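Working notes, beginning with the structure itself.
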């Protein structure tokens, strides 16, 4: 073995005394605690233990550092463990070797020669590396895309604060927003990006969707601004009037003949039977889609014909009197629920069968899919099956239909109809009309149930309903 001999302070010192084979074969029992390699480098051998059954081989550099007063300070620097994973200057990960230990010793010795403690130098290097990493992460954090920011908003906010877990917002963003600006850095989002996006939605003729997209974008951006992810609100100064225009209240009401038409169309529509019963239940009770979707079997008392909704949109409970017509469809949903706690249980799960109710968007989607010119991929092929004489309709329109037909066809007073819908009286009426009108409401529901039962038997094979005026 060729020895390297260097001179330090006039004294010749041998270096590179060891070989890789010698280090690998060394043992604490035979060689003791240390194997010197010269030049301040030694290999420390550890006793075998549970974590080091064959004994670890630690490369250490011992040095003397001359201080300001002329005295010397002893120090030791751990260079690495022979055989452990090590990433070299080329970025390659491999086992740490004796040669690596010698190179690390030489680098540390050069630092000592400058009067610097290599341990302090390493600590400062680590701090600098950490600061560089922090700045890099901050830079990358500032470059997060709109899509990445939305995913965080969805996970941290929407899933916790939306009844549907953010499903509706996710669908709207996927279709109209993320497909356009999803890959754009959030910090670079400008007002023109948002306005052009909203203009494109408006150009499709879906103005209400454009207004909804603006409202949700504003919520999203403000959530991001609260975290310093974006400095300026790109939705600032944009309003509904400058985007989709003022929302026109929806006033779709099914006519008497359309109810009969729906009766004939439903069986051939491919809509699941329990969902067909759900539509008739909404029409018979005037409930909201979400109230029926989340209803529990325990909320109903079919013996006396009542349905108590524990909490409604206005924050109060609401009692609905079930007509014979409504009771029949509710009973059919009971049977389809197969013991679930929910009237309309969602998909079954291995661990908790029928553990939750369906989303309040399911029924609306199923009905909408059957009123399209062409079917969507992966959705019902029966497009157009539920399109009625006067055009498209939604399950919520059935609630409005009940109220309108009660007033116009059955001559039920407006205040009773409003109570049937669980609308809170406003203004002077709300001050003086504090009665619940339970008897009148029961009578109205029963009369409407009789009318629906009658329409289920009407023969309209030779009747053609005129389309509504444009």
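Couple of notes before you dig in:
- If only residues of region 290-308 that are within 15 Å of residue 326 (Cα to Cα) and touching a helix residue (DSSP H, G or I) at 6+ places or on another chain (Cβ under 7 Å) are counted, the one that is surrounded by the fewest Cβ atoms within 10 Å (Cβ to Cβ) is 308.
- Of the set (1) touching a strand residue (DSSP E or B) at 6+ places or on another chain (Cβ under 6 Å); (2) over 22 Å from residue 417 (Cβ atoms); (3) modelled with pLDDT of 90 or more, all apply to residue 354 but (3).
- Restricting region 315-341 to residues that are assigned to a loop (DSSP other than H, G, I, E, B) and in contact (Cβ under 8 Å) with a residue 12 or more places away in the chain, the residue that is surrounded by the most Cβ atoms within 10 Å (Cβ to Cβ): 322
- Search result, residues across region 122-177 that are touching a helix residue (DSSP H, G or I) at 6+ places or on another chain (Cβ under 7 Å), in a helix (DSSP H, G or I) and modelled with pLDDT under 85: 142
- One residue from 172, 158, 178, 186 being in contact with a strand residue (DSSP E or B) (Cβ under 7 Å, 6 or more places away or on another chain), farther than 30 Å from residue 63 by Cβ, in the same structural domain as residue 220 (by TED's automatic domain parsing) and surrounded by 16 or more Cβ atoms within 10 Å (Cβ to Cβ): 186
- Filtered by the rule that a residue be out of contact with any strand residue (DSSP E or B) (no Cβ under 8 Å at 6 or more places or on another chain) and more than 21 Å from residue 423 (Cα to Cα), region 286-300 gives a lone residue, 298.
Yes/no per residue for (1) at pLDDT 85 or above; (2) surrounded by 12 or more Cβ atoms within 10 Å (Cβ to Cβ); (3) under 20 Å from the mean Cα position of the chain (by Cα):
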site	(1), (2), (3)
194	yes, yes, no
199	yes, yes, no
202	yes, yes, no
212	yes, yes, yes
218	yes, yes, yes
223	yes, yes, yes
226	yes, no, yes
232	yes, yes, no
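- Taken over region 17-33, the residue count meeting the criterion of being surrounded by fewer than 18 Cβ atoms within 10 Å (Cβ to Cβ), closer than 18 Å to residue 104 by Cβ and either modelled with pLDDT under 90 or in contact with a helix residue (DSSP H, G or I) (Cβ under 7 Å, 6 or more places away or on another chain) (or both) is 1.
- Only one of the listed residues (279, 283, 254) is assigned to a loop (DSSP other than H, G, I, E, B), surrounded by 20 or more Cβ atoms within 10 Å (Cβ to Cβ) and either touching a residue at least 60 places away in the same chain (Cβ under 8 Å) or touching a strand residue (DSSP E or B) at 6+ places or on another chain (Cβ under 7 Å) (or both). That residue is 254.
- Any chance residue 210 is in the same structural domain as residue 152 (by TED's automatic domain parsing), in a helix (DSSP H, G or I), touching a helix residue (DSSP H, G or I) at 6+ places or on another chain (Cβ under 6 Å) and without any contact (Cβ under 8 Å) to a residue 60 or more places away in the chain: yes
The values are calculated or read from the model by the stated rules, or taken from the named source; none is laboratory data. If you're wondering where the values come from, they're calculated on a predicted model, not measured in any experiment. FYI the Cβ positions are ideal-geometry reconstructions off the backbone, even for glycines, and counts take in every protein chain you see.
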